[in-house]
Amino acid sequence: MKSKLEETLELAKEAGYKQALRDSLKVVIAFLSVYQNDSGARVLLTEVGDAIARLEKEV
């Protein structure tokens, strides 16, 4: 079963919005960084960071 993040990445890839999605994810990282002491935010930071890394390989 795919996570919402993986589904979003696939849709973005199909639609050709990788650059915009990558930029948006960087904004999410900046926002979550404020809450880095929260374990849930740390997990999300890791997932978003991984998503950006995958996008950067494709862009």
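Every number in this text was worked out from the coordinates using simple rules, so none of it is lab data. Keep in mind that this is a model prediction, so the values were computed, not measured. Neighbour counts are summed over all protein chains in view; Cβ atoms, including those assigned to glycine, are modelled from backbone coordinates with ideal geometry.
Values computed for the structure shown
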{"item": "Estimated distance in nm for a label pair at residue 24 and residue 36, the labels positioned 7 Å out from Cα along Cα-to-Cβ", "result": "2.5"}
{"item": "Kirkwood hydrodynamic radius of region 4-58, from inverse mean 1/r over distinct Cα pairs, in Å", "result": "11.4"}
{"item": "J(HN,Hα) series, region 23-28, from Karplus relation 6.51 cos²θ - 1.76 cosθ + 1.60, nearest Hz, glycine and proline x", "result": "4, 5, 5, 5, 5, 4"}
{"item": "Structure-based [θ]222 nm, the chain - -39500 (n - 2.57) summed over DSSP H runs of at least 4, per residue, nearest 500", "result": "-27000 deg cm²/dmol"}
{"item": "Residue 56 paired with residue 8, simple spin-label distance in nm, labels 7 Å along Cα-to-beta-carbon", "result": "1.9"}
{"item": "Relative contact order (percent, whole number), the chain, Cα cutoff 8 Å, 6+ residue spacing", "result": "36"}
